[in-house]
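What follows is calculated from the coordinates using simple rules that are stated; it is not laboratory data. Everything quoted here is computed from the prediction, not taken from an experiment. Glycine also receives a Cβ, built like all others from the backbone with ideal geometry; neighbour counts cover every protein chain displayed.
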Amino acid sequence: MMRPAAFVFNSQAAAAIAAEGKPAATKAAPAKGPRRYRWEQVENKSLALVGPCGIVWQLNFAAGLTKPYFHPLQTADGSCLTQIAPPDHHWHYGLWHAWKFIDRVNYWEEDQPGGRSAGVTRIAKREIVRLDDTGAHVRLTLEYFPRDKNEVVVMDDVIGLTIELPRDDDGSYRIGWEQTSRARRPLRLDRTPPPGAPDGKDYGGYAGLSFRGDRFLTEVELHNANGQSGAAAQRQPARWAAMVGRVDGQSASLAMFDHPENPRHPTPWYFVLRQSRGGAPFSPFWYLNAAFLNDAPFDLTPEHPLTLRYLVRIDTAPPPADVLDAEFARYAATGKIPNPASP
């Protein structure tokens, strides 16, 4: 089955634009380089990198969205890796970050009346810091507050995203994700308890940076830096984890790296590899999460902010483990997108 063509502006962003009653101004600027990539920007709504095969990635951050997210996120040759709002979990958004519970208030599931969550994630600020022929740097500020508490903010996140252009040698590209959480008062970040914990659930443990795979992905597998794969890798701490598959017969992969300065490094990785389910509408369920909270909640105070750093690498041809190990070593040394020429 062929997937539909990728689109530039997603339905949530379009709805937010329509609600404001004015057209969105699109700004296009060339991103110089041998493959002639270009930027497409809708002010305060989205930023996209477009190449010879269409959109490479689009970052969506309109004020009307419930969370910022990347979608579509594609390989350089046009294979889409992400989906948003699938029928089984309409609060899944391609590549995105969401907390599960902040002081027992749910910021994850948007199943309250009107498709809302009990906790609000508000995109308070967005700033495109840099656009050039090497990539982009974007800074987002998110605010969190319980929906029924008069918008009293309990925590904010500042997210710095550095995204490079696809490389000439293999078409791979990287997203550097750095996020600092600051509590306005002492609070607890929590998750649904995983198996083995009191009241644990077999689906528990997730929160934070997540990836939801496209429904047209097939032959999907998961492996990690420990050499584990499939069920043996579930919730296992590892320096990196990679999800690989095929789209329209073409190979594709996404790998996530946990920086060694992150608390609780190496993080456990929670994932779902499920082809189908009977009953209610259900897309193939390809999901990967850097499960920072899997083993225990995390207490946060105003005096001690929490910083988490991750690297996301997208490839057409899945790289072997030794290449990903070398990528991790370079990332660990600097905390930045690795330069292949560095030692």
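Give me Cys80, Cys53 sorted ascending by neighbouring Cβ count inside 10 Å, so fewest comes first.
The order, fewest Cβ neighbours first, is Cys53, Cys80.
For an R0 of 30 angstrom, estimate the FRET efficiency from the Cβ-Cβ distance between Asn226 and Arg139 and round to the nearest 0.05.
Result of the calculation: an efficiency of 0.35.
Measuring from label point to label point, each 7 Å out along Cα→Cβ, what is the Asp111 to Asp170 span in nm?
The modelled label-to-label distance comes out at 4.0 nm.
Obtain the radius of gyration and the Kirkwood radius of the range 87-334 from its C-alpha atoms and give Rg over Rh. Walk me through the intermediate numbers first.
Values: Rg = 18.0 Å, Rh = 19.0 Å.
Result: Rg/Rh = 0.95.
Given the pairs Lys45/Lys100; Lys100/Lys336; Lys67/Lys336; Lys100/Lys149, which span a C-alpha to C-alpha distance of over 20 angstrom in this model?
Flagged as over cut-off: Lys45/Lys100; Lys100/Lys336; Lys67/Lys336.
Among Ala231, Ala290, Ala332, which one moves the most in a GNM of the chain with springs linking Cα atoms closer than 10 Å?
Ala231
Go through the range 77-117 and name the trypsin sites (Lys or Arg not before Pro) that are in a DSSP coil and have 11 or fewer other Cβ atoms within 10 Å of their Cβ.
Arg104
Which chymotrypsin sites (Phe, Trp or Tyr not before Pro) does the range 188-265 hold that lie in a coil by DSSP with at most 13 other beta carbons within 10 Å?
Qualifying residues, ordered by number: Tyr203.
The range 211-300: Rg/Rh from Cα coordinates, Kirkwood Rh?
Looking at the range 211-300, the ratio lands at 1.02.
Using helices alone, I'd like the mean residue ellipticity at 222 nm for the chain: each DSSP H run of four-plus residues gives -39500 (n - 2.57), total over residue count, nearest 500.
-2000 deg cm²/dmol
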